[in-house]
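Participant: Once you've had a glance at the structure underneath, I'll fire off some questions.
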2 protein chains.
Amino acid sequence: MSQTADFVTHLECAMTGKRATAGVVHNLSEDGWPLLVRYDLERMRASLDRDEVWARGGGFWKWRELLPVRSDENVVALGEVDTPLVALSNSYPGAGAVVKDEGRLPTGSFKARGLALAVGMAKELGLKHLAMPSNGNAGAALSAYAARAGIASTVVCPADTPEINLSETALQGGDVFRADGLIHQCGAWTKARADEGRWFDVSTLKEPYRIEGKKTMGLELAAQLGWSLPDVIFYPTGGGTGLIGMWKAFAEMEALGWLEAAQKPRMVAVQAEGCAPIVRAFEAGERHAPAWENATTIAMGIRVPKAIGDFLILDAVRESGGWAQAVSDAAILEARAKVAAADGLLLCPEGAACLAAYDIARADGRVRADERAVIFNCATGLKYDMPRVEKQLSLSADG
Amino acid sequence: MSQTADFVTHLECAMTGKRATAGVVHNLSEDGWPLLVRYDLERMRASLDRDEVWARGGGFWKWRELLPVRSDENVVALGEVDTPLVALSNSYPGAGAVVKDEGRLPTGSFKARGLALAVGMAKELGLKHLAMPSNGNAGAALSAYAARAGIASTVVCPADTPEINLSETALQGGDVFRADGLIHQCGAWTKARADEGRWFDVSTLKEPYRIEGKKTMGLELAAQLGWSLPDVIFYPTGGGTGLIGMWKAFAEMEALGWLEAAQKPRMVAVQAEGCAPIVRAFEAGERHAPAWENATTIAMGIRVPKAIGDFLILDAVRESGGWAQAVSDAAILEARAKVAAADGLLLCPEGAACLAAYDIARADGRVRADERAVIFNCATGLKYDMPRVEKQLSLSADG
């Protein structure tokens, strides 16, 4: 096949519901909100078998009919795999908690899902230069997939972004800058130059396709659980694309008749105490989350003071019966150390934040031990600061 | 099932062929050589379907009948996946070169395969404390799987081992030391204390099971290629367990009738110019490789001056019609940069060394462009030194 059956009908403004045409270049909707891709799910339901799709190789690209890329030549692939569910047998014996380890994707993070789709669509639409702000992992994924697709990329990072991310992005051909601001400020700078035509802006939710890639986390998870969904999902929430994407995936699967039960998981948006705009808005009963001042946390990936999809995150969390939870950096480090030592699993700080939020919910009874809880570890733990080993050994002296 | 059909018949000294009993603790054979696990392949051939095995989940643990662990409770798992084959579409257009990206395994390297088996067997045999020398990745894999199994681990590393490896090993509960020597010297120190009963030595090929884990690279590769083998394999060779293991796997698959053709690949042992004992012995026509003096290379994983399985490596290379190739550190860095920028794939230095060796063989005609060549990228590129990004951006000044 050179082209997969195309089920995309149109794009839709996530706030107003106004339609937009598929197959042309879009950033935000004409009213300035994120655009969502809509499919002919009724026709897909009649022609597509879930188990046949799941039996395919190719990781997240296997969900082709549920993704916007039309032509096979625009499937930009780097060896995608289905990310494993890892039980926490020693640290949480007998409990229903599992970690979905997204660190196994190309460039070591879940950002691969979204950027593969953004780049694939950019290729399909003929874009030549992509740019965005990044706290690290997204930039690495952009540069890798862009290199693969033969598209130029520029990434603007806060100056304290982990060295590894900057270096890998640069090696992968990305034009990387350390900037004197946080991610939303880097984003404003990037957008201003996109408006001048210097490049196309692929910031979180400012183009319609990263969310389609991220939604494959939900598709994959359901398939791994025998076409059922867990009781609760703990998700590290910066821009929130993955949480919104999974919620969209669950609705699409329901429409396709792919789910064994109607029960959807409670979605828990996890943030750091030093940058918790979604938690603050959730608790205040607001639908939008104003920018967080003086954001600070070791979990760089969720150091996002202002999310353009705030209302989509908060809508999904509320609709699901879930909540938003802030955790301290100390709790993050403690959770990381606990699971690494007990279970041999090195979480990234954002993943560890989700585990810390799970601990809180277990302690106050919001989640029972027997409930199936999925903790998203969004990246390999290897990209982050770890305690330095100081123990020396003199082989001759100790001979 | 609580136990998989057990096909292990005995262990066999790789040098003398003398038999040893399975199911009891072993380091080297009574004559001081590596021990290999032997199976009743005739009985397995009659009862085991290759496609049924390949359709299982669980990454390398799917090959249970071809592995020595008997009881399911000793399958120590951390979310293993089949590692993808990634084409080098841009850097080698039209050529048959693919990268097998082992960095997707738990702890980010192919060492997971061997250590999962060593730890699983240690659990089965009741061992309580494992130790070994490591240039980094092996130690990380040992500590992770040992933590998972509830077994203590000690790792002794050369002082210049990458920080990330030391830190992850320590976080995963390993007792890690920086020692003032190279890996063979760390190994001698570890062995002396194993002899005193302080712990069990799981050094490369000094126990019989790591090679069984490593051989799954060969099983997996054949299945991925439709039960056929490539024309040539470029393998980064330190201790050489993987090369020996794959060669053993190919023979076992042949005996099982699992291969579509009798043709086996030429095996190329790749080393660094600054530490090339196998290359020197290969060129001198020797079966053993004396220790390399003053070993130095940026590719830490192949900085192994003396390999106990030298004769097994050299036998396999010669029998296959392959060769041994040394490459410079400059060529390694160049190969890494080329593929990262052109294809978005960040190789580790050892993987890049294999690509540099492929370049040499293509240039002198030993490998044709249309031949299917598999380059082993043994670990994620994220654990190694990369050029630092210096480009600064002042958001306000550039406003």
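Bear in mind these aren't lab numbers, they're just calculated from the coordinates by the rules spelled out. Computed from a predicted model, the values in this text were never measured in an experiment. When we count neighbours, we look across all protein chains shown, and the Cβ atoms used for this are built from the backbone with ideal geometry, even at glycine.
Participant: If you look at just the Cα atoms of segment B:219-277, how large are its Rg and its Dmax in Å?
Facilitator: 12.6, 41
Participant: Report the calculated FRET efficiency for residue B:72 and residue B:315 (r = Cβ-Cβ distance, R0 = 45 Å), to the nearest 0.05. Numbers along the way, then the final one.
Facilitator: Numbers: r = 35 Å, r/R0 = 0.77.
FRET efficiency, residue B:72 to residue B:315: 0.80.
Participant: Would you mind counting up the charge near residue B:58? Only other residues with Cβ under 9 Å from its Cβ, with Lys and Arg at +1 and Asp and Glu at -1.
Facilitator: +2
Participant: Then there's this: Summing Lys, Arg as +1 and Asp, Glu as -1, what charge do residues with Cβ under 13 Å from the Cβ of residue A:167 carry, residue A:167 excluded?
Facilitator: Charge balance near residue A:167 sits at +2.
Participant: Only Cα pairs under 8 Å and at least 6 apart count here; give the relative contact order of chain A as a rounded whole percent.
Facilitator: Answer for chain A is 17 percent.
Participant: Say R0 is 35 Å: what FRET efficiency, to the nearest 0.05, do residue A:280 and residue A:228 get from their beta-carbon distance?
Facilitator: 0.60
Participant: Right, here's the next one. Quick one: with label points 7 Å out along Cα→Cβ, list the inter-copy distances for residue A:385 in nm, shortest first?
Facilitator: With the label placed 7 Å along Cα→Cβ, residue A:385 yields 2.2 nm.
Participant: Restricted to Cα positions, what overall size does segment B:286-399 have along the principal axes? Three whole-Å values, descending.
Facilitator: Extents along the principal axes: 66, 37, 21 Å.
Participant: Kindly work out what percent of the DSSP beta bridges joining two residues of chain A are antiparallel, to the nearest 5. List each step's numbers first, then the result.
Facilitator: Details: 13 of 43 bridges.
Taking every DSSP beta bridge with both residues in chain A, the antiparallel ones total about 30 percent.
Participant: Further, regarding this structure: What's the whole-number percent of alpha carbon pairs in chain A lying beyond 37 angstrom?
Facilitator: 17 percent
Participant: Where does the charge balance sit around residue A:288 when Lys and Arg score +1, Asp and Glu -1, over other residues with C-beta under 12 Å from its C-beta?
Facilitator: Details: positive: A:280, A:287, A:306; negative: A:286, A:310, A:315.
Net charge around residue A:288: 0.
Participant: Okay, next question. How high is the relative contact order of segment B:37-99, given as a whole-number percent (alpha carbon pairs under 8 Å, six or more residues apart)?
Facilitator: It rounds to 26 percent for segment B:37-99.
Participant: Sequence gap at least 6, Cα distance under 8 Å: using those rules, report the relative contact order of segment A:8-72 to the nearest whole percent.
Facilitator: 29 percent
Participant: Binned at 10 Å from 0, what are the whole-percent values of the Cα-Cα distance distribution for segment A:6-129, short to long?
Facilitator: Spelled out per bin, shortest first, that is 12, 32, 34, 17, 6, 0.
Participant: Taking the highest mean first, how do the peptides B:213-221, A:384-392 order by number of other beta carbon atoms within 10 angstrom per residue?
Facilitator: In descending order of packing, they fall as B:213-221, A:384-392.
Participant: Along the Cα-to-C-beta direction of residue B:397, a point sits 7 Å from the Cα; which residues of segment A:143-176 have their amide N less than 18 Å from that point?
Facilitator: Of the residues in segment A:143-176, A:156-160, A:176 have backbone N under 18 Å from the label point off residue B:397.
Participant: Hey, any idea what Rg/Rh is for segment A:8-72, computing Rh the Kirkwood way over Cα pairs?
Facilitator: Rg divided by Rh gives 1.04.
Participant: Over the Cα atoms of the protein assembly as shown, what is the Rg over Rh ratio if Rh follows Kirkwood?
Facilitator: So for the protein assembly as shown, dividing Rg by the Kirkwood Rh gives 0.96.
Participant: Taking a label point 7 Å out from Cα toward Cβ, give me the nm distances from residue B:25 to the same spot in the other copies, shortest first, one decimal.
Facilitator: Label-point separations across copies, in nm and ascending: 6.8.
Participant: Another question, then. With viscosity set to 1.002 mPa s and temperature to 20 °C, compute the Stokes-Einstein D of segment B:71-214, Rh being the Kirkwood radius across alpha carbon pairs; µm²/s, no decimals.
Facilitator: D = 137 µm²/s.
Participant: When each copy gets a label point 7 Å from Cα toward the beta-carbon at residue B:368, what are the spacings between them in nm, shortest first?
Facilitator: Result, one decimal in nm: 6.7.
Participant: Using alpha carbons only, how many angstrom separate the centre of segment A:56-133 from the centre of segment B:68-129?
Facilitator: 20 Å
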